[in-house]
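Structure first, then comments.
The values are calculated or read from the model by the stated rules, or taken from the named source; none is laboratory data. These numbers were taken from a predicted model, which means no experiment stands behind them. Cβ atoms come from the backbone with ideal geometry, glycine included; neighbour counts cover every protein chain shown.
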Amino acid sequence: MDILHASIKELRTALDARDITAVMIAEAFLSRIKEVDTDIHAFLELYDDVLEQARHADTLIAAGNIHPLTGIPVALKDNLLIVGKHASSASKILEGYVAPYDAHVITRLKDEGAVFLGRTNMDEFAMGGSTENSAYGPTKNPHDMSRVPGGSSGGSAAAVAARMAPLALGSDTGGSIRQPASFCGIVGLKPTYGAVSRRGVMAMGSSLDQIGPFGRTVADTKALFACINGYDAEDSTSVSEETRRMMCGDVRTTGAMRIGVPESFVYGEGVDEDVKENFRATLRTLETAGHSIVPIELPTFPYALAVYYIIMPAEVSTNLARFDGVRYGLYVSGNDLLEDYMKTRGTGFGKEVRRRIMLGTYVLSAGYYDAYYNKANEVREALRAELVQAFSEVNVIATPTSPTPAFRIGEKASDPLQMYLADIFTVPVNIAGVPAISVPSGTVMRDGQALPLGMQFIAPHFAEETLFSIASEVERLA
C-alpha cells in the first residue's frame, strides 16, 4: 500500500483489516518529512512522542476501540495548545512557552486516537497571507519553492500538499485556511463561526477566528471536520446543537444546486485574467452537469475588506495586550515597568503584528471609535442581511478563492496594502460568520510551473454539508 498517497478511507480500511499499523503510517510520514521539509519548512517542530502515540493507537485498534481517525496522523498549526508541548504562534514573544492545557479540538482528536505529528509554521499570531511573517522563517510552496504557500496557515497547507501529513488543522480569521489551500492545491474548510470550539487557540480576532481542517480531498477534509465539529459548553462562542438546527434551514446535499455568482464583484479590477477564465470554465462544467448558475448582486461585499481591517486590528490590539513579559514568554528588562513592557513587546513582536496593534489601538481610541469601529459593525450587519437575502434565492455562492495564484516570496512583503487586497474574496465570509470551502479548480502556468487555483463556495450558517456536496462535484468533474 502506498501510505503517502492513500485517502483517509483507504488508511482506515487497511488499519482495521490489520494490513498496516499506525506505527507504519507514522513512520512513513516521518520519513517523508525528513526527506523534504528541510527545503519547504512546513514544520517548526516534530513531536518526539509520535511513535509512542502510534503504538497507543494500535493498542486501541487491537481492542476494537476504533474511531474514524484512530491511528491517522494530523499536523497542527502552531497556535493550538497541547498540554506539555510548545506553542508559539510563530512569535519570538512566546519562544519556549509550554501549553498548560489541551485545546478543545485536541481533546476531541485525542479521544479518537489520532496521532499528532508536530506543529506547523504560520504567520506570526496568524497575521499575514503568505507565512513570510513567521519569526522562524518562511514556508515555501511545494509546487514552486520560489513562491509562498499562502497564509497564515501556510505550514499546515504545505504539509498536506507535500504529503508530509494526510490531514492538518489551521485557523481562519480572514481566509487563512482557504487561501493557502488554494495556493497549495488542496481542500480547506472555514467552518461556521461557533461550529468548532475556539477554546485553546491563541486569539487573534475573537469575533472572526475559526479552527478548520485541511485535506487532499473533500472526503478527507470532511472526516477531520466531523471529529472537531460540535458544541463546547466552555466556549461562550460555541453554538448549541438546538440553535444550529434552527439556524441552518434547508441544507441541500443532493441534486442540482442553484449557484449564485456575484459577477460585478468577481469580474472586477484586480483579479488575474487566468483566475477569471478558470472560474468561468469551472462554472460551465457545473452548468453542464445540471447545476444552475444564477447572477446575483452583493453590493456590500466590496466594503468587507475595509470593515475587516478595522474590526480585526481592533480585536488584535485587545487580545495581544496580554503578552507583556510578566507572566509568560519573552521578558526584556527595562528601567521601570513601562519600559519592561515597551522593550519586551518591541523585541518580541514582529513588524506586521506591531502594525496591526497600532491600527487597532487607533480605531478604538477616543474620537475615532464611533467613526471607525461602530461604523464597521453597521456595515457588518448590512453584509449579513445581504447574505440572508441571497441565500433565499441560491444554495451556495461561488467566487475564486484568491484573485491571483501563489505569488513569489518577497513580492508583496514591502507593500502591505497589496498583501491585504489578496483577501478580497475570503474576508466577507469571516465578517458574516458563514462557512466556506476552497476546492482545487485547475492550474495556471507561471514561469514554466503549473500553479494551483482554487474555487470558493459559501453557504448559509451550519450548511457545511452543502459545501462538501458541491465541492465533491467539482472534484468529481475535474
Worksheet, complete the sentence: So, first residue under 26 Å from LEU44 (Cβ atoms) in the stretch 63-78, second residue among the hydrophobic types (A, V, I, L, M, F, W, C) and assigned to a loop (DSSP other than H, G, I, E, B), Cβ within less than 6 Å, six or more apart or across chains; the pairs are LEU69/ALA114; ILE72/ALA114; PRO73/ALA165; VAL74/ALA114; ALA75/ALA165; LYS77/MET122; ASP78/ALA90; ASP78/MET122
Worksheet entry | Residues of the stretch 79-103 that turn out to be in contact with a strand residue (DSSP E or B) (Cβ under 8 Å, 6 or more places away or on another chain) and either in contact (Cβ under 8 Å) with a residue 60 or more places away in the chain or not β-branched (Val, Ile, Thr) (or both), as a count | 13
Discussion item. Which count do you get for residues in the stretch 249-280 that are touching a residue at least 12 places away in the same chain (Cβ under 8 Å) and under 15 Å from ALA471 (Cα atoms)?
Written reply: 10
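Residues LEU286, LEU298: which one is at pLDDT 95 or above, surrounded by 15 or more Cβ atoms within 10 Å (Cβ to Cβ), among the hydrophobic types (A, V, I, L, M, F, W, C) and not in a loop (DSSP other than H, G, I, E, B)?
The unique qualifying residue is LEU286.
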Worksheet item: Looking at this structure, is ASP250 under 29 Å from GLY129 (Cα atoms) and of a type in the set (Asp, Glu)?
Response: no
Worksheet item: If ARG147 satisfies every condition in (1) touching a residue at least 12 places away in the same chain (Cβ under 8 Å); (2) of a type in the set (D, E, K, R); (3) within 15 Å of GLY200 (Cα to Cα) but one, which is the exception?
Response: (3)
Discussion item. Which residue is farthest from GLY128 (Cα to Cα), if the candidates are limited to the stretch 376-431 and must be free of Cβ contacts under 8 Å to residues at least 40 places away in the same chain and among the hydroxyl-bearing types (Ser, Thr, Tyr)?
Written reply: SER392
Worksheet item: Which ones in the stretch 325-338 are touching a Phe, Trp or Tyr at 6+ places or on another chain (Cβ under 8 Å) and crowded, with 18+ Cβ neighbours inside 10 Å?
Response: GLY325, GLY329
Item to complete: Scan the stretch 339-353 and give yes if some residue there is touching a helix residue (DSSP H, G or I) at 6+ places or on another chain (Cβ under 9 Å), surrounded by 19 or more Cβ atoms within 10 Å (Cβ to Cβ), hydroxyl-bearing (Ser, Thr, Tyr) and over 20 Å from THR426 (Cα atoms), otherwise no.
Response: yes
Worksheet, complete the sentence: Here the qualifying pairs (Cβ atoms under 6 Å; residues six or more apart or on different chains; first in the stretch 328-353 and without any contact (Cβ under 8 Å) to a residue 40 or more places away in the chain; second hydroxyl-bearing (Ser, Thr, Tyr)) come out as TYR331/THR344; VAL332/THR344; VAL332/THR347
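Conditions (1) under 20 Å from the mean Cα position of the chain (by Cα); (2) modelled with pLDDT of 95 or more; (3) hydrophobic (A, V, I, L, M, F, W, C), marked per residue:
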site: TYR362; (1), (2), (3): no, no, no
site: ASP370; (1), (2), (3): no, no, no
site: GLU386; (1), (2), (3): no, yes, no
site: ALA398; (1), (2), (3): yes, yes, yes
site: PRO403; (1), (2), (3): yes, yes, no
site: ALA413; (1), (2), (3): no, no, yes
site: ILE424; (1), (2), (3): yes, yes, yes
site: VAL429; (1), (2), (3): yes, yes, yes
site: SER438; (1), (2), (3): yes, yes, no
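Table: residues versus (1) within 8 Å of the chain's Cα centre (by Cα); (2) crowded, with 24+ Cβ neighbours inside 10 Å; (3) of a type in the set (Phe, Trp, Tyr).
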site: VAL160; (1), (2), (3): no, yes, no
site: LEU167; (1), (2), (3): no, yes, no
site: ASP172; (1), (2), (3): yes, yes, no
site: ILE177; (1), (2), (3): yes, yes, no
site: PHE183; (1), (2), (3): no, yes, yes
site: GLY188; (1), (2), (3): yes, yes, no
site: MET202; (1), (2), (3): no, yes, no
site: GLY205; (1), (2), (3): no, no, no
Worksheet item: Do the conditions hold for LEU359, that is, is it surrounded by fewer than 21 Cβ atoms within 10 Å (Cβ to Cβ), on the phi < 0 side of the Ramachandran plot and out of contact with any helix residue (DSSP H, G or I) (no Cβ under 7 Å at 6 or more places or on another chain)?
Response: no
Practice prompt. May I ask you to list pairs of residues, at least six apart or on different chains, whose Cβ atoms are under 9 Å apart, with the first in the stretch 217-228 being closer than 15 Å to ALA157 by Cα and in contact (Cβ under 8 Å) with a residue 12 or more places away in the chain and the second being surrounded by fewer than 21 Cβ atoms within 10 Å (Cβ to Cβ) and of a type in the set (Asp, Glu)?
Written response: THR217/GLU475; VAL218/GLU475
